[in-house]
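Data block below; observations after.
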Amino acid sequence: MSEFAFLAALIAVSASAAAQSTQIAESRQPPLMDRQKEIALALSACPPTVASKAAVYVLDKSGYVKVRDNQNGFTAIVQHSLPNAQEPQCMDAEGTRTFLPRMLKVAELRAQGKSPEEIKRFMADALVKGLVQPTARPGITYMLSTENIVPDGKGGTEHFPPHVMFYAPYLTNADLGSGGEAEGGPAFVTLEGTPFALIIVPVGVQTGPSHAH
């Protein structure tokens, strides 16, 4: 093979590898939504009395961007704990202080092409170093949307009904006398035994004025 042919082949291989790397990084990214649709979806997580004054974040190519400041301490955002998950949330001031920075950082790392394993290691280290913090007081995150698509615990996703989440660091299902989500019941704990444990309480579908207004 001539030197020119060898160089051309090397460039082609490098370009192919770069394209594959880009495709892998893009496959880890949640699909971007129409901005107004995403705003409405984020606010659909809130009670009507909260939605009109909550801050709103939307996802961009480089991570989340704030499109509205809050006037009541609440923040509305569509989280993607998996790239194909869709979790509209409306968190109170304590959730905004503790849970929101984790969501923003995960989205930023994904946009940089980090793998799920790399992100887990980074966030675990950030917790140890105090860069992210568990909740320090009781509080609530509303997930009242009818369009919740959450991880199913098996690597896939599933639809989940409207619910509210109460911060409960280190709580377990046994503490509630619950068998967990699989056994049903009025409440269960997710992320049990961790600093970010949450009590999940399913609720009825919201009625009333449009959340988006």
**Study point:** Label-point separation, Met123 to Ala136 (7 Å along Cα→Cβ), nm
**Key:** 2.2
Review point. Among 138-147, 38-47, what's the highest-first ranking by average C-beta atoms within 10 angstrom per residue?
Key: 38-47, 138-147
Check your understanding: Can you pull the percent of Cα pairs in the stretch 50-115 with separation above 18 Å?
Key -> 32
Exercise for review: Add +1 for every Lys or Arg and -1 for every Asp or Glu among the other residues with Cβ under 11 Å from the Cβ of Ser62, and state the total.
Suggested key: 0
**Study point:** Accessible area expressed per residue, the stretch 118-192, with surrounding protein chains retained (probe 1.4 Å, Å²)
**Key:** 59
Practice item. Report the label-to-label distance for Ala182 and Val201 in nanometres (one decimal), using points 7 Å from each Cα along the Cα→Cβ vector. Key: 2.6
Study note, to complete from the structure: Taking protein heavy atoms only, a 1.4 Å probe, and rounding to whole percent, the accessible area of the stretch 136-176 owed to carbon and sulfur comes out at 58
Exercise for review: Count the net charge of all other residues whose Cβ sits under 14 Å from the Cβ of Leu131, scoring Lys and Arg as +1 and Asp and Glu as -1.
Suggested key: +3
Practice item. Excluding Glu192 itself, calculate the net charge of residues whose Cβ lies under 15 Å from the Cβ of Glu192, where each Lys or Arg counts +1 and each Asp or Glu counts -1. Key: -3
Check your understanding: Are any of the pairs Lys66/Lys105; Lys37/Lys114; Lys120/Lys154; Lys61/Lys105; Lys37/Lys66; Lys37/Lys154 more than 20 Å apart by Cα-Cα distance, and if so, which?
Key -> Lys37/Lys114; Lys37/Lys154
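The values are calculated or read from the model by the stated rules, or taken from the named source; none is laboratory data. Since the model is a prediction, treat every value here as computed from it, not as a measurement. With ideal geometry, Cβ positions are generated from the backbone for all residues, glycine too; neighbour counts draw on all protein chains shown. Note: accessible area is taken over every heavy atom of the protein model, side chains too, but ligands, DNA and RNA are not part of it. Shrake-Rupley method; radii C 1.70, N 1.55, O 1.52, S 1.80 Å.
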